[in-house]
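The next block holds one structure in the form of structure tokens; read it before the comments.
The values are calculated or read from the model by the stated rules, or taken from the named source; none is laboratory data. It should be emphasised that the depicted structure is a prediction, and the values quoted were computed from it without experimental measurement. Backbone-built Cβ (ideal geometry, glycine too); neighbour counts: all protein chains shown.
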Amino acid sequence: MTTDPPAAPDAAQPSPRRRGVYLLPNLFTTAVLFSGFYAIVAASDGNFDRASIAIFIAMVCDGLDGRIARWTNTQSDFGKEYDSLSDMVAFGVAPAVVAYQWGVARIAEYGAVWERLGWLATFFYAACVAFRLARFNTRTGIADKRYFEGLPSPSAAAVLAGFVWMMNDLQREGLRALILAFAVAFIAGGLMVSRFPYLSGKDFNLNRRIPFALLLLVPLGFVVVGSSPPEMLFGLFGIFALSGPALWAWRRVARARRSPRAAGPGPSA
């Protein structure tokens, strides 16, 4: 019977990771939660510009927490669940409350039917966010990393919050503007629970060389968005929201064109 030799006392032992590294991505997740909470409070006070800006800040923090966790190798089940709960508040409840506070307070003047329609539209949006997050969590291991299935909840929140911010900035009121707001809520919610593919950008390699002309698009983008943030942000995320159905339609057309060629000529008589 042989036994393994004891390990040398001076053998290199893995140094424990600092607790602060584990806390770092969760701090950004907490910032997402705080931004969503602040958006709800600001909307309740009638500050719809600040409420919309808070949702966009939550988007930035949400994009950083996952990347920081991967860079520092501190992914955990706790962080995954905490991230989903924070996303539900910041990108589900907060945009719905912002749209509700902005629209329902005005649409009630046109009758109880319109008021109920606005209430249902904003609740439908919040329910779709919950469904979207649950589906994403259950398919993390089998989904194609290059694409999202359905519109991501942060992008849907940007569409809805951007629309409210734009209409409030332009001081557009009336039944038509309110109907458009609730239509945006319905469309954004439907796109989230759809199966339309959306580019995720997760396969983008920062270490890969890119043309110098492409770098010029970064400051140009800041200039364009800075010229009129509400309109530009709503337009950019609106285009991204429509890119899913467009990509789906393009694939269907391309598949239909390839089918006759794959079948080949029919049998001769």
Residue count, region 82-111, condition among the hydrophobic types (A, V, I, L, M, F, W, C), modelled with pLDDT under 90 and out of contact with any Gly (no Cβ under 6 Å at 6 or more places or on another chain), comes to 3
Go through region 80-116 and count every residue that is small (Gly, Ala, Ser) and within 13 Å of residue 32 (Cα to Cα).
5
Among the listed residues 133, 170, 215, which satisfies the condition of being modelled with pLDDT under 80 and among the aliphatic types (A, V, I, L, M)?
215
Looking only at region 74-117, how many residues end up being more than 13 Å from the chain's Cα centre (by Cα), closer than 22 Å to residue 56 by Cβ and surrounded by fewer than 19 Cβ atoms within 10 Å (Cβ to Cβ)?
2
Within region 122-165, residues being among the charged types (D, E, K, R), assigned to a loop (DSSP other than H, G, I, E, B) and touching an Asp or Glu at 6+ places or on another chain (Cβ under 9 Å) number 3
On the basis of being surrounded by fewer than 24 Cβ atoms within 10 Å (Cβ to Cβ), over 23 Å from residue 239 (Cβ atoms) and over 15 Å from the mean Cα position of the chain (by Cα), does residue 123 make the cut?
yes
If you check 83, 87, which single one turns out to be among the charged types (D, E, K, R), more than 16 Å from residue 161 (Cα to Cα) and assigned to a helix (DSSP H, G or I)?
83
Give me the pairs: first residue in region 173-198 and part of a loop (DSSP other than H, G, I, E, B), second residue surrounded by fewer than 18 Cβ atoms within 10 Å (Cβ to Cβ) and among the small types (Gly, Ala, Ser), beta-carbon distance under 7 Å, and six or more apart or on different chains, which are they?
none
